[in-house]
Amino acid sequence: MIELKDDEQAMLDGHYGTGAQIAMKIQVAIGDAYDAPHMVPVTRTHVALSNQEADLWFAEKLVAGGAHCRVRPTVNPSFNWRQLKKVTTIRPEDEAIVKRTHRAYTDIGAIMTYDCTPYLERNVPRYREVISFSESSATPFVNSVYGARSNRESAQSALCAAITGVTPLYGYLLEENRRGQVLVDVQADMSDDFAYQMLGYFTPRLTGFRIPVFEGLHQPSKEALMNLGAELNTGGNVAMYHIVGFTPEAATREEAFQGHDDYETVTVTQADLDAMRKELTAPDGAIDFALFGCPHLTIDQITTIAEMVRGRDLAVPLFAMTSALTFDLAREMGYLDQIEAAGGHIFSNTCMDQPCWEFLYGKRGVTESPKCAYYTKRRNMEFVITELENAVASALTGEVVR
Ligand code: F3S
């Protein structure tokens, strides 16, 4: 049984209300399942709020029990019904659940960032900081790129940590569990950010649940790292990786493996990445729309889009999703006007895995993100996946060509 401090036991006994009691009860159960000896404090949290009924049920239950976050979380995107109303009709029931979710999370003390890249802007951890992050692109980024320590939390377990201010000590919080487990020798052209999408999606096929240690990657951009983590955790369940000579726990191969030398080596070739791309993408040809920003676009990616469409007319509608901060920056810098003048849109606070995209169901689009194509399959959307620049060029002509 996990050992609790007096304050944690008081929470479990209900002295802080039933909301905090539920949160602690869940964390004790998780801790016991993983043989955690005790709880440790967290200093940051991020909750992948999903705007779905089960998520809302849980948040409202905690609010009704008087729960309030000790460590206020940032939250994942929902959908920006005010902005989306410019291009589609929003069903009253969908708007209602967005508003109720907003209310519940605001009441519980969350910071309503609606952003799936908090690790770039508003919730940036430091090396070795113990945190509780949910969101599939965020967990690999904070663990691997910053060397912060987070387990692969669910929205609910991260919310529990936000409320109690602690998390059970297990998994990636422990030094020995952060050791690389398989060497991935990358023998492919990794000169653009898109290659990292394919590397991320393909690698778990060779490595499974193990922590990969990449060699052959040189100074990846923040967008490349965002792509790599998002796809490792979509094509597989990988919440942590190392890049030798680049990430903070892997100055050398030896450090990445914590001195062990009993690891397997696998090789990723250009042919593997080409085959992965062929498998994931729909065939080239005519498209009905372009959808970017899963995870949310950075200002550099928005700059690329704006510069390509400036003074031109898009052949098909283009939708770009980003955080509210980057949206404001894009407006300040004139990119919003340029993209809108071409027939495109930038939406803040919005995720593609939301019901607001129903007007695109049954249609064929182009995207830069395999994760986008993965999530929208169940919504009957088909995607050609290609480099951002090529995808924008395709939106200008209405056809994907390579
Ligand atoms: Fe972000 Fe939603 Fe994609 S949370 S990473 S836009 S599925």
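The values are calculated or read from the model by the stated rules, or taken from the named source; none is laboratory data. Note that this is a predicted model, so its numbers are computed, not measured. Glycine also receives a Cβ, built like all others from the backbone with ideal geometry; neighbour counts cover every protein chain displayed. These accessible areas exclude ligands, DNA and RNA; they are computed on the full protein's heavy atoms, side chains included. Shrake-Rupley method; radii C 1.70, N 1.55, O 1.52, S 1.80 Å.
Odds and ends about this structure:
- log₁₀ of I(q)/I(0) at q = 0.10 Å⁻¹ - segment 1-88, Debye sum with one point per alpha carbon: -0.35
- Percent of C-alpha pairs per 5 Å bin, segment 281-400, short to long: 2, 13, 25, 26, 21, 11, 3, 0
- More than 19 angstrom apart: percent of Cα pairs within segment 96-176: 38 percent
- Accessible surface calculations at 1.4 Å, restricted to protein heavy atoms, place segment 20-120 at 45 Å² per residue.
- Whole-percent pair-distance distribution, where bins are 10 Å wide, for the alpha carbons of segment 74-123: 23, 46, 27, 3
- Working note: 222 nm ellipticity from helices only, DSSP H runs with n ≥ 4, each -39,500 (n - 2.57), summed and divided by the residues of the chain, gives -11500 deg cm²/dmol to the nearest 500.
- Put a plus charge on the Cβ of each Lys and Arg, a minus charge on the Cβ of each Asp and Glu, and nothing anywhere else: the dipole of segment 1-100 about its Cα centre is then about 760 debye.
- Length gained when the stretch THR397-ASN237 is fully extended (0.36 nm per residue, less Cα-Cα span): 53.9 nm
- Debye equation applied to the C-alpha atoms of segment 179-278, log10 I(q)/I(0) at 0.12, 0.18, 0.19, 0.22 Å⁻¹: -0.32, -0.75, -0.84, -1.15
- Most mobile of ALA275, ALA373, ALA224 in a GNM of the chain (Cα contacts under 10 Å): ALA275
- Amide H within-cut-off set for GLU399, under 5 Å, with H built and near neighbours excluded: ILE287
- Isolated cysteines in the chain, defined as those with no second cysteine Cβ under 4.7 Å, comprise CYS69, CYS116, CYS160, CYS351, CYS356.
- For segment 314-326, Karplus couplings with θ = phi - 60° (6.51, -1.76, 1.60), whole Hz, Gly/Pro x: 6, 7, 10, x, 10, 10, 10, 10, 8, 7, 5, 5, 5
- Think of each Lys and Arg Cβ as +1 and each Asp and Glu Cβ as -1; about the Cα centre, that makes the dipole of the chain roughly 1020 debye.
- Accessible carbon and sulfur surface of the chain relative to its total accessible area, %, 1.4 Å: 50 percent
- Normalising by residue count, segment 53-152 has a Cα convex hull of 112 Å³ per residue.
- Taking θ as phi - 60° and the Karplus parameters 6.51, -1.76 and 1.60, the scalar couplings of segment 178-191 work out to 9, 5, x, 10, 8, 8, 10, 8, 8, 10, 8, 6, 10, 7 Hz in sequence order, x denoting glycine and proline.
- Measuring how big the chain is from its alpha-carbon positions, Rg and Dmax come out at 21.4, 65 Å.
- Violating pairs (Cα-Cα greater than 31 angstrom) within the set LYS222/LYS278; LYS99/LYS278; LYS61/LYS86: LYS99/LYS278; LYS61/LYS86
- Backbone N within segment 148-188 under 20 Å of label point (7 Å from GLN9 Cα along the Cβ vector): 164-169
- PHE209 paired with ARG378, simple spin-label distance in nm, labels 7 Å along Cα-to-beta-carbon: 2.1 nm
- Percent antiparallel among DSSP beta bridges (both partners in the chain, rounded to 5): 10 percent
- Annotation for segment 339-390 versus segment 1-77: alpha-carbon center distance of 34 Å.
- In this structure, GLU175 and MET333 have a Cβ-Cβ separation that, at R0 = 30 Å, corresponds to a calculated FRET efficiency of about 0.10.
- Extension gain from TYR34 to ARG310, taking 0.36 nm per residue of separation minus the Cα-Cα distance: 94.0 nm
- Listed values for segment 344-361 are Karplus-derived 3J(HN,Hα) couplings in whole Hz (6.51 cos²θ - 1.76 cosθ + 1.60, θ = phi - 60°), namely x, 9, 10, 10, 9, 6, 10, 10, 6, 8, 9, x, 5, 9, 4, 5, 9, 4, and x replaces Gly and Pro.
- Per residue, segment 179-278 exposes 40 Å² of accessible surface when a 1.4 Å probe is rolled over the protein heavy atoms with every protein chain present.
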